[in-house]
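Have a look at the structure below, then the notes.
The values are calculated or read from the model by the stated rules, or taken from the named source; none is laboratory data. Everything numeric here is computed off the predicted structure, so don't read it as measured data. Neighbour counts run over all protein chains shown; Cβ positions are idealised from the backbone, glycine included.
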Amino acid sequence: MIKIYIITLSENEGSSDEIVEITPTPLAKKKRGRPAKLSKALGKQKMTNTTLESTDRAPNDSNPFKQTAAIIKPQTKVSWVWDYFIRKQNDKGEIRAYCQFLLDDGEKCSKNYKYDGSTGNLSYHLVKHGIIPPLESGIISPMHTQSASNKNGQKEKELSTLRWILLTTQPLSTITQKAYIEHMYIIDPQFTVPGEKKLRMMIARSYGYNKEKLKLLLKTAQSISLTTDLWSSRSKHGYLGLTATWINKNFEIMDVLLEISYFPTPHTAKAITEGIKNAMQKWEIENLVVSITTDNGANVVAAIRDLTPIKRLSCAAHTLQLAISKGLKVVENLVSRTKQLINFFSTQKQIERLIKVQKEIGYEEPLHLIQDISTRWNSSYLAWDRLIFLQYAVLQLSVNLSCSLISEEKTDGIRLKKIMIKDNEWELLDELCNILAPFEKATRDFSGNTYVTLSQMFPIITDLTNSLKPSDNSYEVLEDSDDNTINSDIVEEESSQIEVDYSNISEVLKNVKNKIYLGLKHYWAMPDEFGIMAALLDPRYKDLNFITDEETKVKIHSSLQIQYDQLKREMQQQTSTPPSPTISTISTTSTSSTPSMRSLHEHQERRQQKVKKVFQTKESSTSSSAIADEITTYFLLPVARENKNPLDWWKSKQEIFPVLSIIARKYLGIPATSVASERLFSDAGNHITAKRSLLDPALLGKMVFLKRNMKTMDHINIFPPDLDVENNDYVEDEHELEELLDE
């Protein structure tokens, strides 16, 4: 309660002082956990009896005690701003709020505002000093109470904040940072920024809401294919990633994240098997899964073997890298020295020098070199291709540094000259890029998630293999051909110190091609039935021209006929039952020319000409054995053009092929790579930075789940419609929050 006393000090002896007590209107009580607004009662109340003027006295009266003083009794503070402001009367008799913030010179700010009960201006002034409203239960308190009219706006802004955090992989702590709160307060002082605790609950409840929505969506699938991968975070926590892919009735590819869950060591085959089984049971898809695409790790291969009858497919991109690594062993010394040269330009000092030289000699767009990281697919090709493009800039910089009179630059010039590759090695590196360019394109083609990938795997592999096949059939036997792991240490540091003669470039290139060719022949020696079936059901490749063995063609046609007959019988038996049959129940038996150093576009065009020679469009006529019903009709139709989308083709003809189109959805929906799972860990890694290495694994999984599935689950309605934002504390029970996060 605020009480104001007016004390009139009498100058005459024997006269008593006069004290007048004024009781203002009480302040509105602040509700627990909600933003509070100071009542303007003090500013509105009548002050007629509290005129703060001195009593009548003579102008020359010097008695210092004859005056009227306003004494404001200490009160219980109702706003945080009074930690930095005091109320006092000015020379005009007005009560003002004076800022007590100490400036850099040690003086108080003393900026003053009219005191009328409102603290909005005071709060805004403190923000300018870098002082932000305190967090109460994880919420900042604006200076006014939300009215019913802006509660919907508050909810929309809270959901927008969470959506922003998820999509941009921001840490939850962002909303508690001083700069963010200042920013949001200036933009909209009425917005109550949610705290971490509230966001965690919103994430947990949104996950539960979308989990049920996704279960319903999965039930609409005829068949589902999975991808899986393992990953370890900065904090050494193991995670198992699992994605699901299928083609819906509209012939659209559906690609969703099922799991990115904590997976403790040891990562044995048995543990992986149990992890995948538990996930399938959780999502109720045990009877829908037909395949799992994985890398070639021994523990993963063994794990999927125990999930029979689910079929395991090797990641096509990973297998391509295995074949490439065989060929690069031939030039491992050059690979090592090239990596050293590129690493020289990894510091900011050398980057700036290289950019400066590029500008001086006329490059259109200054670029950085790309680091060669063995664990990244196509990394060597991308790094070498950029190095070739910047060759003249690198050589010019070497000359500039060597001729410099500055000691530091001179020293760097000596270092650079020592690791510089020779003229014939530049030529060899360029030719190696020409060999690897088609593999880079193939890897990209295999790794898409918005188009069909498995059906083009064998046609592309066949083109790659034929492009490397020796004309005289003189090739050696591949050594260590049973190695299914990419040797990330293929290039030893000491190998760069060994002198290797690369003067006979044509012979070196022949050996490289030979090793890659043998690698391709080895890893794809046994044609995968699912891959061939996908090609057979792709109208672009249905003639199977990439297969020379007629017996293999006959077997795959027979397998298609068996599946077709079985599915047709099931559909006839269920004509009176609306649900469609579950398809997973069906049984399945040169010399280097000088490139333009001014245009990256021209450089890339030159490289692409080499790629086009490998992947040449082939015209062919349609031929097939006489197979009854839809199958016969399908093979009588012309082969589709290479640029035709097979999903569009089937969508336009599914009424003609009601049975065959369902089988096509099964096989065309299988991903050729496990890239979908590996991309999960890119998102997870962005969440788990050095500052957030201890992020709760359960919370991490839910955040990545919501982000990755936002598009599929409708990003507008990804949050529950009844998501409560009334209570700023949001949840009183910490145990309830933990249970939601652990679901």
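Please specify each residue of segment 364-394 satisfying the condition of being crowded, with 20+ Cβ neighbours inside 10 Å, out of contact with any helix residue (DSSP H, G or I) (no Cβ under 6 Å at 6 or more places or on another chain) and more than 30 Å from His318 (Cα to Cα).
Of everything in segment 364-394, just one residue is crowded, with 20+ Cβ neighbours inside 10 Å, out of contact with any helix residue (DSSP H, G or I) (no Cβ under 6 Å at 6 or more places or on another chain) and more than 30 Å from His318 (Cα to Cα), namely Val394.
Conditions (1) modelled with pLDDT under 95; (2) small (Gly, Ala, Ser); (3) out of contact with any Gly (no Cβ under 9 Å at 6 or more places or on another chain), marked per residue:
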| site | (1), (2), (3) |
| --- | --- |
| Met420 | no, no, yes |
| Cys433 | no, no, yes |
| Arg444 | yes, no, yes |
| Val452 | no, no, no |
| Pro470 | yes, no, yes |
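Would you point out which residue out of Leu397, Leu436, Leu429 is surrounded by 19 or more Cβ atoms within 10 Å (Cβ to Cβ) and either closer than 21 Å to Ile361 by Cα or not assigned by TED's automatic domain parsing to the domain that holds Phe344 (or both)?
Values: Leu436 fails: either closer than 21 Å to Ile361 by Cα or not assigned by TED's automatic domain parsing to the domain that holds Phe344 (or both); Leu429 fails: either closer than 21 Å to Ile361 by Cα or not assigned by TED's automatic domain parsing to the domain that holds Phe344 (or both).
Result of the check over Leu397, Leu436, Leu429: Leu397.
So, Gln340, is that one in contact with a helix residue (DSSP H, G or I) (Cβ under 6 Å, 6 or more places away or on another chain) and in the same structural domain as Gln391 (by TED's automatic domain parsing) or not?
Values: in contact with a helix residue (DSSP H, G or I) (Cβ under 6 Å, 6 or more places away or on another chain): yes; in the same structural domain as Gln391 (by TED's automatic domain parsing): yes.
Here the answer is yes, as Gln340 does meet what is asked.
Looking at Glu286, Glu332, which is the one that is part of a helix (DSSP H, G or I) and either out of contact with any Leu (no Cβ under 6 Å at 6 or more places or on another chain) or not assigned by TED's automatic domain parsing to the domain that holds Ser467 (or both)?
Values: Glu286 fails: part of a helix (DSSP H, G or I).
After applying the criteria, what remains is Glu332.
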